[in-house]
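S.K.: Once you've had a glance at the structure underneath, I'll fire off some questions.
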Amino acid sequence: MNVVALLIGLGPLIGWGLFPTIASKFGGKPVNQIIGTTIGTLIFAVVFYLSTGHSFPTGMDLFFAILSGAGWSFGQIMTFKAFEYVGSSRAMPVTTAFQLLGASLWGVFALGNWPGISHKIIGFSALVVILIGARMTVWSEKTEATSSNYLKKAVVILLIGEIGYWLYSAAPQATDIGGKTAFLPQAIGMVIVAVVYGLTKMKKENAFTNKVTWLQIISGFFFAFAALTYLISAQPDMNGLATGFVLSQTSVVLATLTGIYFLNQRKTSKEMVITIIGLVLILVAATVTVFIK
């Protein structure tokens, strides 16, 4: 792995690692966050499209790319809602675990991954470890009824949101569209869902006129940077899909730690130790699922 490939591969670490913390720091409600984030992503994608001259897809390629982006928006709205209950430092490891589970199970049952019995035993054991790791990251020394209820609500919301994240990764597989070509129409699909969601909230508040909504465009730049560098990193002449994916998942560590230290989502020393162990388990198990042949 050369230095350039490694640096590009770590782009998602910065982008996806800082995205949830920045979005939470700017604040606002999920509707403000999703509108601003998707507009920022669209701006980034348009600049990339115009500067590289990539062809714009048509037909079913365009449809599935837009559907993919729409799925991400739905999943991210659910994630922003979970932030309100437990904060980004607790929600991010859980949603990452769910996304790893969803991607792995889709690969096994729809794409024929892990063909042998031994592969399945190793793979499903790794998925169990991922769940254990996620549970460890939300462990608390003091279990209060209120916080426990919030955690349960957050987990249910994140589980529902996984449907959107699954669509985000699975929809492009229905065609032969490349990641870079899908980037702009995905962003369009993201904005469509965000705008529709914003319109449904108009009776309570006009999110389109809130200053915080437009500040969230900056967080959208971080997400888009991560998504684009991941697409580049995953190419065969760079890090390849498997290594690129593992490198991108390191973002959960930064997202969790920045949430703890910069958003005052404090943990006790024992909770921190358990959280770090949980994060390591998630990353190690994720690596195992990717390299099973």
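What follows draws every value from the coordinates through simple rules; no lab data is involved. Given the structure is predicted, the values throughout are model-derived calculations rather than measurements. Heads up, the Cβs are rebuilt from the backbone with ideal geometry, glycines too, and the neighbour counts pull from every protein chain shown.
S.K.: Be a star and scan segment 203-236 for residues whose amide nitrogen sits under 12 Å from the point 7 Å along the Cα-to-Cβ vector of I43.
M.R.: 213-222
S.K.: On to the next question. Could you tell me the relative contact order of the chain? Use alpha-carbon pairs under 8 Å, at least six residues apart, and round to a whole percent. Can you show the working numbers first?
M.R.: On the way: 459 pairs, mean separation 132.8, N = 293.
Relative CO of the chain lands at 45 percent.
S.K.: When the chain is treated as a GNM, springs tying every alpha-carbon pair under 10 Å, which of A110, A154, A134 comes out with the largest mean-square fluctuation?
M.R.: Looking only at A110, A154, A134, the largest GNM fluctuation is found for A110.
S.K.: Work out how far the C-alpha atoms of segment 1-160 reach from end to end along every principal axis, then list the three figures in whole Å, largest first.
M.R.: Its Cα atoms span 55, 48, 37 Å along the three principal axes.
S.K.: Show which aspartates and glutamates lie in cross-link reach of K25 when reach means a straight Cα distance below 13 angstrom and same-chain residues fewer than eight apart are skipped.
M.R.: Cα-Cα hits under 13 Å: E84.
S.K.: Report the label-to-label distance for N264 and F291 in nanometres (one decimal), using points 7 Å from each Cα along the Cα→Cβ vector.
M.R.: Label at N264, label at F291, 4.2 nm between them.
S.K.: Return the calculated 222 nm mean residue ellipticity for the chain, to the nearest 500 deg cm²/dmol, obtained by summing -39500 (n - 2.57) across DSSP H runs with n ≥ 4 and dividing by the residue count.
M.R.: Working: 12 runs with 235 residues, N = 293.
Calculated at 222 nm, the ellipticity per residue is -27500 deg cm²/dmol.
S.K.: While we're on this one: Can you give me the distance in nm between label points at I192 and A174, each placed 7 Å from the Cα along the Cα-to-Cβ direction?
M.R.: Output for this residue pair reads 1.1 nm.
S.K.: For the chain, return all DSSP H helices satisfying: extent of Cα atoms along own axis at least 20 Å; mean Kyte-Doolittle hydropathy at least 0.5. Kindly include the intermediate steps, with their values, before the conclusion.
M.R.: Working: long enough: 11-26 (22 Å, 0.83); 30-52 (32 Å, 1.36); 59-86 (41 Å, 0.84); 88-111 (32 Å, 0.97); 117-137 (30 Å, 1.53); 145-170 (38 Å, 0.73); 179-200 (31 Å, 1.39); 211-233 (34 Å, 1.42); 269-291 (34 Å, 2.09).
Span-like helices, by this rule, are 11-26, 30-52, 59-86, 88-111, 117-137, 145-170, 179-200, 211-233, 269-291.
S.K.: Would you please report the Å³ per residue occupied by the convex hull of the alpha carbon atoms in segment 3-291? All intermediate terms of the calculation are to be shown ahead of the outcome.
M.R.: Details: hull volume 38.6 nm³, N = 289.
Output value, Cα hull per residue: 134 Å³.
S.K.: Two decimals is fine: what's Rg over Rh for segment 73-123, C-alpha atoms, Kirkwood radius as Rh? Could the numbers behind the result be given before it?
M.R.: Values: Rg = 14.6 Å, Rh = 12.5 Å.
With Rh from the inverse mean 1/r over Cα pairs, Rg/Rh is 1.16.
S.K.: Separation between the F124 and S148 pseudo-spin-labels, each 7 Å from Cα along Cα→Cβ, expressed in nm?
M.R.: Here the modelled spin labels are 3.1 nm apart.
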